1. Give the carbon-plus-sulfur fraction of the accessible surface of region 251-302 in %, rounded to a whole number; probe 1.4 Å, heavy atoms of protein chains only.
2. Could you work out the relative contact order of the chain, using alpha carbon pairs under 8 angstrom and six or more residues apart, expressed as a whole percent?
3. Would you mind listing how long region 274-386 runs along its three principal axes, going by Cα atoms, in whole Å with the largest first?
4. At a 1.4 Å probe radius, carbon and sulfur cover how many percent of the accessible area of region 1-150?
5. Most mobile of 115, 303, 90 per a Gaussian network model of the chain (Cα springs, under 10 Å)?
6. Hey, what's the Kirkwood Rh for region 75-162 if you take every pair of different alpha carbons, in angstrom?
7. If packing is taken as the average number of other Cβ atoms within 10 Å across a peptide's residues, how do 208-216, 44-52, 23-31 rank, most packed first?
8. Per residue, how much accessible surface does region 15-67 expose to a 1.4 Å probe? Answer in Å², no decimals.
Amino acid sequence: MLTLTDVTSDLTARLANGVRSIAPADWDACAGSANPFLSHAFLAILEESGSVLPRAGWQAIPITVDDADGRPAAIAPAYAKSHSQGEYVFDHGWADAWMRAGGQYYPKLQVAVPFTPVPGPRLLLRDTAAAPALIAAIEAVTDQNDMSSAHATFVSPDQVPLFEAAGWLIRAGIQFHWANEGYGSFDDFLAALASRKRKAIRKERSSAVEGLTIRHVTGSDLTERDWDAFWAFYQDTGSRKWGRPYLTRPFFSLLGERMGEHVLLMLAERNGRPIAGALNLIGADTLYGRYWGCTEEVPFLHFELCYYQAIEAAIARGLKYVEAGAQGEHKLARGYAPVATWSAHYLPDPNFRRAVADFLAHERAAIAADRDYLGTMTPFRKAGAA
């Protein structure tokens, strides 16, 4: 049983027994409404569906800092982890090095949204002044329970300085996001690309949808038949990428039932039968692409459902961005540009910290150079070009 002894006299820090032990209104007062993955509803669905639970290596232990009235002023969505799966910021090398030196890397503390490489705040703050106390509480949980480390992954850029000020190590990464430059239609977006790239995309799209119907489903229109079809797609992709899917079948039903207005499910159908699908969540200004799968291989259909349809949907809804998940340099040719992502790491052992800090200094330089190079490869027209 993990414990936390109070770390500040002004505010009360405590460990909660899962997200569902915190009142939804109190959680969402800290998390805000911009990012659906940080909502009480989404994180509670992960627990209730059995996708997140201790025997799967994800023990939900939200850390809260409460004000004088006993209400959370700040919350960290924290998990005790017995492995490094489902995180998308890879520390397997760190774990191997620590264990070769005679240490026990697991359990570690992860401040994140499980299975979700979506940048966002990791310090959920109703009172911004509570941020240092919350970081101190995260450190205290790590220290008091003899954990090797704490990791806050996919931290929003505005919160990186808060972790830096506390002495955490900062790690950089790269994702590919699409930005809406005031486009009124997909053709407006294509007009911003070099002629050769425009032609390539039109050819891809025409080939991908030949003989197919694309259907967008959201809100109360989502049915169990739709989720059954998508579950087959998700299982196929999950078994190939991760060995087994992270999410359970009930997760999708609960997602549609409780967060349907945030769900945009895109299905490709042949003669009324779904053969592929892409699941997106709708945020305040961003469309988040999460999962894709198929039961029939069709050239370019992945690009159509995950990237082009997402762009069209974002334009139609007036959203500013599409975030289409982790990795994928192939997104460059489809108009998605490289952006920096950030994580923060607390390593109590000074020798281990020193070694990781040296590694990160070299890695950050390489990542920055790579990001600059990738930025030259976007398909957008150069000044004076047709």
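1. Roughly 50 percent, rounded to a whole number.
2. Relative contact order for the chain comes out at 20 percent.
3. Over region 274-386, Cα extents along the principal axes are 53, 42, 32 Å.
4. Answer for region 1-150 is 51 percent, counting heavy atoms of protein chains only.
5. With Cα springs under 10 Å in the chain, the top fluctuation among 115, 303, 90 is at 90.
6. Evaluated on region 75-162, it is 13.7 Å.
7. 44-52, 23-31, 208-216
8. 33 Å²
The values are calculated or read from the model by the stated rules, or taken from the named source; none is laboratory data. Given the structure is predicted, the values throughout are model-derived calculations rather than measurements. Because the Cβ atoms are built from the backbone with ideal geometry, glycine has one as well, and the counts that use them run over all protein chains shown. For the accessible areas, the whole protein counts, side chains as well, though only heavy atoms, and no ligand, DNA or RNA atoms are used. Shrake-Rupley method; radii C 1.70, N 1.55, O 1.52, S 1.80 Å.
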